[in-house]
Amino acid sequence: MPYDLIIAGTGPAGLMTADRAAAKGLNTLVLEKRKKVTDSLMGELVTDNALKLLRVKPDSEYIGNKYTQIIGESLDTGGQIVVGKGLLGNSYLLDEDNCQEIMRERAEADGAEFRYGAHVKSVVKEGNQVVGVKYNEEEERAGLTVGADGAFSRVSETAGFTHPKWLLSYGIRWKLENCKGVDPETAYFYVARDVGLGYLWLYPRSETEVNLGIGRVPSSKENWDKLPSLLDVLKKYRKHIPELRDSKIAMQNGGVVPCAGIIPRFTDAGVSLCGNSAGQVSSIVGGGVTTCFHAGTMLAKHAKRAIDENDFSKKSIQQYEKEYRGSKLARNIQNTGKGMWAVSKYAMHNDPLDAAEIVLGQLDAKTLNALIQGNAGVSDIMTLLSDFLPMVMRIGKGYLKSIALSGL
């Protein structure tokens, strides 16, 4: 085989797989349909575990900001939950471009090859074995093909993987400049009726720069059509929030994130999925940066083993899936996915914002912090279950825990 490993996609999962696989000496080819790795949207709000997986320090150029306070707020009623100083753990804003570039640079330094404008069309099969991919008018072969090409993965579709209960969050983000009077130490999550089943986020990068974004899950086509467009909502609240009224849009990008949990099967002979394509992301928040880093690191280890053994059979590649599913992160993704699926079903016939208002009005900051930091225990969950009606709790647990899991 010309390559040990072909990776489709340069999101956080694809880049981390390339970074770690090339470091292990694997002959790695990375295919990206965009012009450069920084063109894709990567989640940003994380805690210490993401930094450990990325192998960067909190005071490095890869960290855009650190928050001392996180506020959840209703834009309709003003109801708030504040997780402030003395309670909030370490919460960081990644410098997205720098983080993507360092993974690319590491991979290239260890011999990985990147090709841009490379639109993957399908996998190449010999019998039941995947042996490479077709892209543009080209074909390349490898011992292992990795689909890290997002929620609408061509590798996944053409390799025969299925996505039952595929629930997607659609998001758009602006990078704003020329803001005035921004508190750089406070990050915000907003809910509102015109936001819909999802939330608006405001992550300051400095006193004059913020990232303003929206993520929304369509509970039904009818409900989606009743709401203003994502862009219209961003425009409205850019004017509504005083610090942003005179800001300038420096960049706009977006993406689609699966939020119903890990798909039933994501490995087969000669092929594996990683990141969004496998559903290895935690609900709708941040795209699951930490979970993607974790998956890419683990996949690179198993790719090295398979290549050393020259065994790309279904049984061999499934060892990665088996280990991954046994991890704490994977279990958390599954639990959150179940919660989000319940929320979407509930929202087809009810207004989830009513439940969100109850949560904002009654949830205490200590419990919210446990959720944000990803260390909520059985006692936290039992307290929540005893305080709220079961359906409200399914929404509160699934919705708020998704915040936690994005930065585990």
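The values are calculated or read from the model by the stated rules, or taken from the named source; none is laboratory data. Predicted model, so just to flag it, every value in this text is computed and none were measured. Glycine gets a Cβ as well: all are built from the backbone with ideal geometry, and neighbour counts include every protein chain shown.
If I filter region 137-169 down to residues being small (Gly, Ala, Ser) and under 19 Å from the mean Cα position of the chain (by Cα), which single residue comes out as surrounded by the fewest Cβ atoms within 10 Å (Cβ to Cβ)?
First, the residues of region 137-169 that are small (Gly, Ala, Ser): 142-143, 147-148, 150-151, 153, 156, 159-160, 169.
Those still in the list that are under 19 Å from the mean Cα position of the chain (by Cα) too: 147-148, 150-151, 153, 156, 169.
Working: 147: 32, 148: 33, 150: 24, 151: 20, 153: 24, 156: 24, 169: 27.
The qualifying residue surrounded by the fewest Cβ atoms within 10 Å (Cβ to Cβ) is 151.
Going by the conditions given, is residue 258 in contact (Cβ under 8 Å) with a residue 24 or more places away in the chain and either over 17 Å from residue 344 (Cβ atoms) or surrounded by fewer than 21 Cβ atoms within 10 Å (Cβ to Cβ) (or both)? It would help to see each step written out before you state the result.
Numbers: in contact (Cβ under 8 Å) with a residue 24 or more places away in the chain: yes; either over 17 Å from residue 344 (Cβ atoms) or surrounded by fewer than 21 Cβ atoms within 10 Å (Cβ to Cβ) (or both): no.
Against the criterion (in contact (Cβ under 8 Å) with a residue 24 or more places away in the chain and either over 17 Å from residue 344 (Cβ atoms) or surrounded by fewer than 21 Cβ atoms within 10 Å (Cβ to Cβ) (or both)), residue 258 does not qualify.
Spot the failing condition for residue 193; the list is (1) out of contact with any strand residue (DSSP E or B) (no Cβ under 9 Å at 6 or more places or on another chain); (2) without any contact (Cβ under 8 Å) to a residue 40 or more places away in the chain, and only one is missed.
(2)
Taking only pairs six or more apart or across chains, which ones have beta-carbon atoms under 6 Å, a first residue in region 41-64 that is in a loop (DSSP other than H, G, I, E, B), and a second residue that is among the hydrophobic types (A, V, I, L, M, F, W, C) and modelled with pLDDT of 85 or more?
The qualifying pairs are 43/289; 44/93; 44/94; 62/56; 62/99.
Return the residue satisfying two criteria in turn: it lies in region 302-331 and is assigned to a helix (DSSP H, G or I) and of a type in the set (A, V, I, L, M, F, W, C), and of such residues it is surrounded by the most Cβ atoms within 10 Å (Cβ to Cβ). If you could, list the steps in order and put the result at the bottom.
Taking region 302-331 first, the residues assigned to a helix (DSSP H, G or I) are 302-309, 314-325, 328-331.
Now narrow it down to the ones that are of a type in the set (A, V, I, L, M, F, W, C): 303, 306-307, 317, 329-330.
On the way: 303: 27, 306: 23, 307: 21, 317: 25, 329: 21, 330: 20.
Across region 302-331, the extreme among qualifying residues is 303.
Of the residues that sit in region 32-57 and are among the hydrophobic types (A, V, I, L, M, F, W, C) and farther than 21 Å from residue 257 by Cβ, which one is surrounded by the fewest Cβ atoms within 10 Å (Cβ to Cβ)?
In this case the residue turns out to be 56.
Go through (1) at pLDDT 90 or above; (2) of a type outside the set (Lys, Arg); (3) assigned to a loop (DSSP other than H, G, I, E, B); (4) within 19 Å of the chain's Cα centre (by Cα) one by one and return the number of the condition residue 182 breaks.
Condition not satisfied by residue 182: (4).
Among residues belonging to region 223-244 that are of a type in the set (D, E, K, R) and exposed (fewer than 13 other Cβ atoms within 10 Å of the Cβ), point out the one that is farthest from residue 195 (Cα to Cα).
Taking region 223-244 first, the residues of a type in the set (D, E, K, R) are 225-226, 232, 235-236, 238-239, 243.
Now restrict to residues that are exposed (fewer than 13 other Cβ atoms within 10 Å of the Cβ): 225-226, 232, 239.
Numbers: 225: 12, 226: 11, 232: 10, 239: 15 Å.
Residue satisfying both the conditions and the ranking: 239.
Every residue in region 268-293 that is in a strand (DSSP E or B) and surrounded by fewer than 24 Cβ atoms within 10 Å (Cβ to Cβ), please.
The one that is in a strand (DSSP E or B) and surrounded by fewer than 24 Cβ atoms within 10 Å (Cβ to Cβ): 268.
Which of the numbered conditions does residue 26 fail, given that it passes all the others? Conditions: (1) modelled with pLDDT of 95 or more; (2) surrounded by fewer than 19 Cβ atoms within 10 Å (Cβ to Cβ).
Exception for residue 26: condition (2).
Hey, does region 152-163 have a residue that's in a strand (DSSP E or B), at pLDDT below 95 and closer than 24 Å to residue 36 by Cβ?
Looking for residues that are in a strand (DSSP E or B), at pLDDT below 95 and closer than 24 Å to residue 36 by Cβ, one finds none in region 152-163, hence no.
Condition test on residue 299, is it over 25 Å from residue 217 (Cβ atoms), in contact (Cβ under 8 Å) with a residue 24 or more places away in the chain and surrounded by 24 or more Cβ atoms within 10 Å (Cβ to Cβ)?
In short, yes.
Any idea which of (1) crowded, with 21+ Cβ neighbours inside 10 Å; (2) over 24 Å from residue 273 (Cα atoms); (3) in contact with a Cys (Cβ under 9 Å, 6 or more places away or on another chain) is the one residue 94 doesn't satisfy?
For residue 94, the failing item is (3).
Rundown of residues vs (1) in contact with a Leu (Cβ under 7 Å, 6 or more places away or on another chain); (2) more than 13 Å from residue 321 (Cβ to Cβ), yes/no style:
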| residue | (1), (2) |
| --- | --- |
| 245 | no, yes |
| 252 | no, yes |
| 262 | no, no |
| 267 | no, no |
| 270 | yes, yes |
| 275 | no, yes |
| 282 | yes, yes |
| 290 | yes, yes |
